[in-house]
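Take a look at the structure below.
The values are calculated or read from the model by the stated rules, or taken from the named source; none is laboratory data. Keep in mind the model is a prediction, meaning the values are calculated, not measured. Just so you know, the surface numbers come from the protein's heavy atoms only, side chains and all, with ligands and any DNA or RNA stripped out. Shrake-Rupley method; radii C 1.70, N 1.55, O 1.52, S 1.80 Å.
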Amino acid sequence: MNAGEFTVILQRAEAGDPQAADQILPLVYDELRKLAAAKMAREAPGQTLQPTALVHEAWLRLGGEAQPNWQNRAHFFAAAAEAMRRILIENARRRAALRHGGGVEKVSANATGFDVAAPEMGDAELLRLNDALEALAAHDSRKAELVKQWYFSGLTLEQIAAALGISARTADRDLAYAKAWLGKEILRLRG
């Protein structure tokens, strides 16, 4: 199904069409599952949350069958990615609070800054990334939103640019700036 058809179904669901609302999850489930699996692959070993559970929890946080007003496919997937990010952060905080009285893990001195290509991210690093994103949002909310969508949604930079109402070139520049800013902030948070 293309993005236009999906947007029409979202609009029908918003207008109160119960059949359209019932069609949303089956249409996006496979894509959400792939997105969740990709996010879970970055998590440290021992993660108890499974991709399927992450999708279902995110779906419930998005409103379940009572979906809010989605502008388009990119808006929906950005919200889904944000819901998944928040769930992962909450799980990391919960595990950190339980582990060793909530102590923070030590990080290797060889560790570098913000690197989205890292194969996995421990709880402490995920929490640092979240704190850095919150600081970036206070500094520049558009750049923070761009990073969240790029890192957590699986959308292309062009799709994110369209959703944010900026050019792809501006999105590329903003992403380069945000990555450098986040790298410095994460290093600062590591102390």
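Is region 1-43 best put as rounded, prolate or oblate by its Cα gyration tensor, with a ≥ b ≥ c the root eigenvalues, rounded for a/c under 1.5, and otherwise prolate when a/b is larger than b/c, oblate when not? Cα axes put region 1-43 in the prolate bin. Computed with a 1.4 Å probe on the full set of protein chains, the accessible area for LYS34 sits at about 150 Å².
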